[in-house]
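Asker: Here you go, one structure.
The values are calculated or read from the model by the stated rules, or taken from the named source; none is laboratory data. Since this is a predicted model, take the numbers as computed values, not measurements. So basically every Cβ, Gly included, is an ideal-geometry build from the backbone, and we count neighbours across all protein chains shown. Side chains are part of the model used for accessible areas, which takes the heavy atoms of the whole protein and leaves out ligands, DNA and RNA. Shrake-Rupley method; radii C 1.70, N 1.55, O 1.52, S 1.80 Å.
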Amino acid sequence: MAFDVDLFVIGAGSGGVRAARIAAGHGAKTIVAEESRIGGTCVIRGCVPKKLYVYASRFADDFADAAGFGWSVGTPTFDWPTLVAAKEKEITRLSAAYRANLAASGAELVEERATIVGPQRVRLANGRELSARHILVAVGSRPTLLPGVEGLEHAITSNEAFDLPVFPRRLLVVGGGYIAVEFASLFQRLGAEVIQVMRASNVLRGFDDDMREGVRAAMAREGVTHRFGILPARIEKRADGTRRVQLSDGETFDVDQVLVATGRLPHTKGLGLEKAGVEVSVHGAVKVDEHLTSAVPSIHAVGDVTHRVNLTPVAIREGHALADWLFGTGAKPIRYDTIAHVVFGTPELGAVGLTEGQAAEGFPKVDVYKADFRPMRATLSGSRERTIMKLVVDGATQRILGAHILAHDAGEMSQLVAVAMTMGATKADFDATVAVHPTAAEELVTMRAPTARYEGGRLSS
Ligand SMILES: Cc1cc2nc3c(=O)[nH]c(=O)nc-3n(C[C@H](O)[C@H](O)[C@H](O)COP(=O)(O)OP(=O)(O)OC[C@H]3O[C@@H](n4cnc5c(N)ncnc54)[C@H](O)[C@@H]3O)c2cc1C
């Protein structure tokens with residue numbers, strides 16, 4: 001049977017664009033549909049604008065630290081519209097680069113919403129229908145909102161936070177995950193008074209407990225107010241545009257904006273998946289096998305829509321692997337166990353592999369090496385910040401099971417630790433590696449004695 005296209009990709013974000021380019025490169029006739037801006041969440045309203053704003057926020061530390069090194073800095077001022085405009089220019093450039101790369105690969109782009117009308121059939125918003133040998137669902141995820149909060153329409157999500165017309169002097173951040181932590185941290189540094197509330201008892205559920213505590217303490221030192229085990233109950237928009245928030249414990253206060261960052265879910269509502277026979281989870285995630293293929297052999301899914309590891313490089317790697325498997329050089333397995341997860345607060349938190357708790361539960365013997373110290377820059381600047389590093393080691397094989405770093409540039413360090421861990425590095429390999437001095441990262445190769453040991457899941461020393 002002849003099809004209009006070999007591959008129809010729904011969503012021109014990280015995963016969809018990569019899959020389309022690689023498939024077209026293998027000679028597959030490929031169309032990509034996008035209902036919003038080309039580049040997807042990461043480029044338009046995720047990683048890229050976020051990191052640009054994180055950079056902007058860190059000048060606050062530079063100005064503050066400079067005096068200890070002999071500099072006199074006048075009173076620094078910050079202009080929000082200048083940052084928003086500069087960010088917009090950069091993401092417009094990147095979006096154009098994505099468009100150009102797609103065109104150069106030979107894939108066709110249609111700028112419309114697409115839905116699935118059958119196992120090998122899609123419909124565009126203009127009513128045009130096409131047949132496709134394979135359909136790739138790469139529609140990503142979208143912010144979830146808290147049910148049961150009265151006046152929730154007066155809150156914003158990360159989608160709106162980048163383009164607020166006026167800088168919020170007082171900001172309530174709801175949520176304790178990495179996006180909530182990053183926004184709380186960066187807005188505080190840009191000059192906002194930030195309160196962060198969450199249902200959990202600490203920030204960053206899923207990360208190593210010592211690191212969670214380190215991040216909380218660092219944020220508190222910078223002035224972020226945390227309230228745990230609490231959520232907003234009611235948000236009222238007042239005549240002057242401010243929001244009056246009532247928390248679940250009855251406390252009431254006024255802020256300029258309420259940013260809800262309580263998680264993201266697959267963007268699959270109304271996509272036609274169930275009608276086509278695709279199995280989805282209760283959260284709307286497409287269930288896929290090891291070949292990123294759904295219950296329907298012609299329908300595949302990559303990236304956030306599978307709701308497994310929701311990170312850009314994972315979506316890209318999956319899109320690439322799928323296109324190779326369908327049209328090119330065959331299946332290439334993806335390593336999910338050594339993916340670095342980074343929280344771009346200040347300092348950054350980088351984590352690869354198992355936490356201390358996970359390792360203690362899953363391995364008969366575990367050695368933990370931990371260092372907690374004042375970074376060199378802080379000695380002259382007078383800053384009270386701490387750097388924390390932890391290696392979690394399998395006591396039987398000495399293989400590194402987890403590496404956790406709370407430090408400046410932890411994102412950069414954890415990328416390289418992830419390479420070592422992918423290669424199966426042991427503690428002896430770290431010990432045999434000569435340090436780079438003076439750096440913070442040298443601590444990773446100079447930690448001599450375990451600070452904790454577990455046997456059978458119990459702390460033994
Ligand atoms: C604030 C924030 C910060 C983040 N920071 C990081 C980070 O630092 N590092 C990191 O690795 N990841 C980060 N992420 C996560 C990252 O952005 C996602 O994991 C990544 O974008 C997922 O790629 P994807 O291809 O699955 O989906 P997306 O990039 O979201 O692309 C999906 C695309 O599909 C389009 N679409 C949806 N439905 C349809 C339809 N029916 N028809 C046509 N088009 C459709 C959407 O408009 C979108 O463009 C961040 C996310 C957020 C929100």
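Asker: Please give the calculated 222 nm ellipticity per residue for the chain, where each DSSP H segment of at least 4 residues contributes -39500 (n - 2.57) and the sum is spread over every residue; nearest 500 deg cm²/dmol?
Answerer: Details: 13 runs with 146 residues, N = 461.
Mean residue ellipticity at 222 nm (helix-derived): -9500 deg cm²/dmol.
Asker: Could you sort 285-298, 390-403, 351-364 so that the peptide with the highest average Cβ count within 10 Å comes first and the rest follow in order?
Answerer: On the way: 285-298: 17.3, 390-403: 21.5, 351-364: 19.6.
The packing order, highest mean first, is 390-403, 351-364, 285-298.
Asker: Using the beta-carbon distance between Gln398 and Glu90 and R0 = 41 Å, what value does 1/(1 + (r/R0)^6) give for FRET efficiency, to the nearest 0.05?
Answerer: Given R0 = 41 Å and the Cβ-Cβ separation, E is 0.40.
Asker: Something else: Within the set Lys51/Lys370; Lys51/Lys237; Lys370/Lys427; Lys50/Lys237, which residue pairs have Cα atoms separated by over 19 Å? Don't jump to the answer; show the numbers that get you there.
Answerer: Working: Lys51/Lys370 28 Å; Lys51/Lys237 30 Å; Lys370/Lys427 13 Å; Lys50/Lys237 27 Å.
With Cα atoms farther than 19 Å apart: Lys51/Lys370; Lys51/Lys237; Lys50/Lys237.
Asker: A further question on this structure: Among Ile195, Thr225, Thr242, pick out the residue whose Cα is farthest towards the positive end of the charge dipole of the range 188-256, where Lys and Arg carry +1 and Asp and Glu carry -1 on C-beta, about the Cα centre.
Answerer: Working it through, the farthest residue towards the positive pole turns out to be Thr242.
Asker: Mind giving me the nanometre distance, one decimal, between the label points for Asp163 and Lys51, set 7 Å out from Cα along Cα→Cβ?
Answerer: Going from the Asp163 label point to the Lys51 one covers 2.2 nm.
Asker: Give me the dipole magnitude in Debye, nearest 20, for the range 1-107 about the Cα centre, with unit charges on the beta carbon: positive for Lys and Arg, negative for Asp and Glu.
Answerer: Working: 12 positive and 10 negative charges, 45 e Å.
Using only the charged Cβ atoms, the result is roughly 220 debye.
Asker: If you don't mind, there's one more thing I want to ask. By a straight-distance test (C-alpha under 21 Å), which lysines pair with Lys269 as possible cross-link partners, with residues fewer than eight away in the same chain excluded?
Answerer: Once the sequence-local lysines are set aside, what remains near Lys269 is Lys287.
Asker: Report the relative contact order of the range 395-461, percent, no decimals, based on alpha-carbon pairs under 8 angstrom and at least 6 residues apart.
Answerer: On the way: 43 pairs, mean separation 16.4, N = 67.
With pairs under 8 Å counted, the relative contact order is 25 percent.
Asker: Same structure again: Tell me the per residue accessible area of the range 151-301 using a 1.4 Å probe; a whole number in Å² is fine.
Answerer: Details: 6420 Å² over 151 residues.
Computed with neighbouring chains in place, this is 43 Å² per residue.
Asker: Per residue, how many Å² of accessible area does the range 335-461 show with a 1.4 Å probe?
Answerer: Per residue, the range 335-461 has an accessible area of 49 Å².
Asker: May I ask you to evaluate 6.51 cos²θ - 1.76 cosθ + 1.60, the Karplus curve with θ = phi - 60°, for each residue of the range 299-304 and list the ³J(HN,Hα) values in order in whole Hz, giving x for glycine and proline?
Answerer: Per-residue couplings from phi come out as 10, 10, 8, 9, x, 4 Hz.
Asker: Taking H as built 1.01 Å from N, whose amide H comes closer than 5 Å to the amide H of Ile156, not counting residues under 5 places away?
Answerer: Val258, Leu259, Val260
Asker: Per residue, how many Å² of accessible area does the range 88-145 show with a 1.4 Å probe? List each step's numbers first, then the result.
Answerer: On the way: 2870 Å² over 58 residues.
Heavy-atom SASA per residue in the range 88-145 reads 49 Å².
Asker: Another question about this same structure. Can you pull the one-decimal nm distance between simple spin-label points at Ala2 and Arg199, each 7 Å off the Cα toward Cβ?
Answerer: Reported label-point gap for Ala2 and Arg199 is 5.4 nm.
Asker: Can you run phi through the Karplus equation (6.51, -1.76, 1.60; θ = phi - 60°) for the range 141-150 and list ³J(HN,Hα) in whole Hz, with x for Gly and Pro?
Answerer: 9, 9, x, 8, 10, 6, x, x, 9, 5
Asker: Would you mind getting me the FRET efficiency between Asp62 and Glu213? Use the beta-carbon distance for r and R0 = 30 Å, nearest 0.05.
Answerer: Details: r = 26 Å, r/R0 = 0.87.
After rounding to 0.05, the efficiency reads 0.70.
Asker: Averaging sequence separations of C-alpha pairs under 8 Å and six or more residues apart, then dividing by the length of the range 129-224, give the relative contact order as a whole percent. Before the final figure, lay out the partial values.
Answerer: Working: 81 pairs, mean separation 20.7, N = 96.
Once divided by the residue count of the range 129-224, the mean separation gives 22 percent.
Asker: Please identify the chymotrypsin sites (Phe, Trp or Tyr not before Pro) of the range 1-89 that satisfy two criteria: DSSP loop assignment and at most 16 other Cβ atoms within 10 Å. Which are they? Please list the in-between numbers first.
Answerer: Values: sites: Phe3, Phe8, Tyr53, Tyr55, Phe59, Phe63, Phe69, Trp71, Phe78; in loops: Phe3, Trp71, Phe78.
Sparse-neighbourhood loop chymotrypsin sites (Phe, Trp or Tyr not before Pro): Phe3, Trp71, Phe78.
Asker: Given R₀ = 35 Å, FRET efficiency for Val309-Ala239 by Cβ-Cβ distance, to 0.05?
Answerer: 0.20
Asker: For Val9, list long-range residues whose amide hydrogen, built 1.01 Å from N in the peptide plane, is under 5 Å from its own amide hydrogen.
Answerer: Those qualifying (amide H under 5 Å, at least 5 residues apart or on another chain) are Ile31, Val32, Ala33, Leu136.
Asker: Could you give the distance between the Cα centres of the range 414-428 and the range 198-244, to the whole Å?
Answerer: Each part's Cα centre sits 33 Å from the other's.
Asker: Under a crude label model (7 Å from the Cα following the beta-carbon direction), how far is Glu455 from Val73 in nanometres?
Answerer: 5.2 nm
Asker: Take every Cα-Cα pair in the chain and report what % of them are more than 38 Å apart. Write down the numbers at each step before the final one.
Answerer: Numbers: 33594 of 106030 pairs.
Cα-Cα pairs in the chain separated by more than 38 Å: 32 percent.
Asker: Any idea what the relative contact order of the chain is, in percent, if you count C-alpha pairs under 8 Å spaced at least 6 apart? If you can, show how the numbers build up before the last one.
Answerer: On the way: 998 pairs, mean separation 72.3, N = 461.
Here the relative contact order equals 16 percent.
Asker: Let me ask something else. Cut-off 16 Å, label point 7 angstrom out along Cα-to-Cβ of Ser36: give me the residues of the range 80-120 whose amide nitrogen falls inside.
Answerer: Zone members listed by number: 88, 91-92, 95-96, 111-114.
Asker: Compute the distance from the alpha-carbon center of the range 80-119 to that of the range 265-293, in whole Å.
Answerer: Value for the Cα centre distance between the two parts: 24 Å.
Asker: Now, a different point. Quick one: what are the phi-derived ³J(HN,Hα) couplings along the range 72-88, Karplus 6.51/-1.76/1.60 with θ = phi - 60°, whole Hz, x for glycine and proline?
Answerer: 10, 10, x, 6, x, 10, 10, 10, 4, x, 5, 5, 4, 5, 5, 4, 4
Asker: For the range 138-225, state the semi-axes of the equivalent ellipsoid (square roots of 5 times the eigenvalues of the alpha-carbon gyration tensor), sorted largest first and rounded to whole angstrom. Please report the intermediate quantities before stating the final value.
Answerer: Details: eigenvalues 90, 63, 33 Å².
Whole-Å semi-axes of the equivalent ellipsoid: 21, 18, 13.
Asker: Ignoring ligands, DNA and RNA, what percent of the 1.4 Å accessible area of the chain is carbon and sulfur? Walk me through the numbers before you get to the answer.
Answerer: Numbers: 11220 of 21100 Å².
C and S atoms contribute 53 percent here.
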